[in-house]
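J.: I am attaching a structure below and will ask some questions about it afterwards.
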Amino acid sequence: MKELIETNIDYNNHFNRGTKMKKKELYIVIIVLLIISLLVSYLLYTHKNEISELQKDSMKIYVIAGSTLQEYGGVISCGYVITTKNNELIVVDGGIDADKQFLVEYIKRLGNGTVSHWYITHPHQDHVGALIQILQDDECDITIENLYYSFNSLEWYKEYDERGFETEQKMLNLLDSKKIKNKISCTKNQEIYMDNVRCDILKIADPEMINTDNGNDSSMCFKMTATDVNKSIIFLGDAYYYASIELLNDPQKLKADVVQMAHHGQNGVSKDVYIAIAPKVCCFNCPMWLYNNNPGSGYNSGRWKSIEVQNWVQELRAQCVLSFLGDRIIKFNQNGIEIEA
């Protein structure tokens, strides 16, 4: 009986020790699982923040300086590269032929060689020269999924815009390039949706517009809006006098946060157009000599309206982005508008 009792005591002690050990192991497992859970939560939170940080910019607008820089010749040029929230790539014009390499580097870096949407304001050398070079170069591995434009006929350009005819002829002939997957001749008031960006076509080429700066005044004008943050940029190309009248027929549509200054910020649209736009940022796609209206005889000694237009900008209290100072990035996001070099 005594032996049985002792055996039971030993068994109970062993059982209690085993139970304590199991509880201890259970606690350890729970603690380990808790640590793992906290670690996973932290990693997920960090990853989410990283994604949020990457996607915080609803739209990025790259103002390509390229050949407008003094060291590259300081010539007149106009080109933009835009990325949407989910990294669709948009190009506007592109610049002169000397800008080809600058542009290709952007397209390869931001779009892996593919442009989702390419817009042309008008087929003059300082706007489509780089595009023509890309389309003519068989070794240049660039694909354009959608090309948007509004052109008059080749006969019209030959008769009414002789100075730009050589480039216009090349551009119209290259519309059949295999690098262009889809080409869209735009219509006025057309809406085009690209990820989180909507493009509104405000004005198209008009063959009846002949008693003006013909090739420039035939520019297609359009506004791109990042719909998720309600910020916009308006592209005026080289729009001039009659374009101003047409645009002001519906001034409410012109309001935008950023504007590409018409005709490189000189001899373009009227002051009333800029008043209707009421921009916060004005982009001057021009070399320093043109911005200062200085063809070589000193500040404001030329025939251009550069200084007068800058006075309009000052009255609007808008910030200037000057391409001759180098590439700039304009970011649209929930915080507003940010400008980076």
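The values are calculated or read from the model by the stated rules, or taken from the named source; none is laboratory data. Fair warning: this is a prediction, and the values are worked out from it, not measured in the lab. Ideal geometry is used to build each Cβ from the backbone, glycine not excepted, and the neighbour counts take in all protein chains shown. Please note that ligands, DNA and RNA were not included when accessible areas were found on the heavy atoms of the full protein model with its side chains. Shrake-Rupley method; radii C 1.70, N 1.55, O 1.52, S 1.80 Å.
J.: Taking segment 166-188, which residues are without any contact (Cβ under 8 Å) to a residue 24 or more places away in the chain and either more than 20 Å from Asn216 (Cα to Cα) or crowded, with 17+ Cβ neighbours inside 10 Å (or both)?
T.: Asp176, Lys178 - these are the residues of segment 166-188 that are without any contact (Cβ under 8 Å) to a residue 24 or more places away in the chain and either more than 20 Å from Asn216 (Cα to Cα) or crowded, with 17+ Cβ neighbours inside 10 Å (or both).
J.: With respect to the numbered conditions (1) open to solvent by 70 Å² or more (accessible area, probe 1.4 Å); (2) at negative phi, which one is the sole condition not fulfilled by Arg317?
T.: (2)
J.: Here is a further query. Looking only at segment 189-229, which residues are touching a residue at least 12 places away in the same chain (Cβ under 8 Å), of a type in the set (Asp, Glu), closer than 21 Å to Glu246 by Cβ and in a loop (DSSP other than H, G, I, E, B)?
T.: Those that are touching a residue at least 12 places away in the same chain (Cβ under 8 Å), of a type in the set (Asp, Glu), closer than 21 Å to Glu246 by Cβ and in a loop (DSSP other than H, G, I, E, B): Asp206, Asp213.
J.: Here is a further query. State yes or no: is Ala262 of a type in the set (A, V, I, L, M), touching a Gly at 6+ places or on another chain (Cβ under 6 Å) and free of Cβ contacts under 8 Å to residues at least 60 places away in the same chain?
T.: yes
J.: Could you tell me which numbered condition Asp195 fails, if it satisfies all but one of (1) touching a Phe, Trp or Tyr at 6+ places or on another chain (Cβ under 8 Å); (2) at positive phi?
T.: (1) is the only condition that Asp195 fails.
J.: Which residue out of Ser52, Ser41 is modelled with pLDDT under 70, surrounded by fewer than 10 Cβ atoms within 10 Å (Cβ to Cβ) and over 30 Å from Asn216 (Cβ atoms)? Can you show your working first?
T.: Numbers: Ser41 fails: surrounded by fewer than 10 Cβ atoms within 10 Å (Cβ to Cβ).
Criteria check complete, one pass: Ser52.
J.: Further question on the same structure: Which ones in segment 227-237 are of a type outside the set (Lys, Arg) and within 16 Å of Ile277 (Cα to Cα)? Step through it out loud before you land on a result.
T.: Taking segment 227-237 and keeping what is of a type outside the set (Lys, Arg), we get 227-230, 232-237.
The answer is Asn230, Ser232, Ile233, Ile234, Phe235, Leu236, Gly237.
J.: Residues of segment 256-300 being of a type in the set (Phe, Trp, Tyr) and more than 21 Å from the chain's Cα centre (by Cα), which ones?
T.: Step one: of segment 256-300, the residues of a type in the set (Phe, Trp, Tyr) are 274, 284, 289, 291, 299.
Selection gives Trp289, Tyr291, Tyr299.
J.: Assess whether Leu325 counts as being farther than 21 Å from Lys231 by Cα, aliphatic (A, V, I, L, M), touching a residue at least 24 places away in the same chain (Cβ under 8 Å) and buried (at least 21 other Cβ atoms within 10 Å of the Cβ). Don't jump to the end; show me each part of the working.
T.: Working: farther than 21 Å from Lys231 by Cα: yes; aliphatic (A, V, I, L, M): yes; touching a residue at least 24 places away in the same chain (Cβ under 8 Å): yes; buried (at least 21 other Cβ atoms within 10 Å of the Cβ): no.
No: the conditions fail for Leu325.
J.: Right, next: So which residues in segment 272-311 are charged (D, E, K, R) and more than 24 Å from Asp250 (Cα to Cα), if there are any at all? Reasoning before the result, please.
T.: To start, the set of residues in segment 272-311 that are charged (D, E, K, R) comprises 272, 280, 303, 305, 308.
Residues satisfying the conditions are Arg303, Lys305, Glu308.
J.: Now, a different point. Go through segment 63-74 and give me each residue that's crowded, with 19+ Cβ neighbours inside 10 Å and either of a type in the set (A, V, I, L, M) or not in a helix (DSSP H, G or I) (or both).
T.: Initially, segment 63-74 is screened for residues crowded, with 19+ Cβ neighbours inside 10 Å, giving 63-69.
Across segment 63-74, the qualifying residues are Val63, Ile64, Ala65, Leu69.
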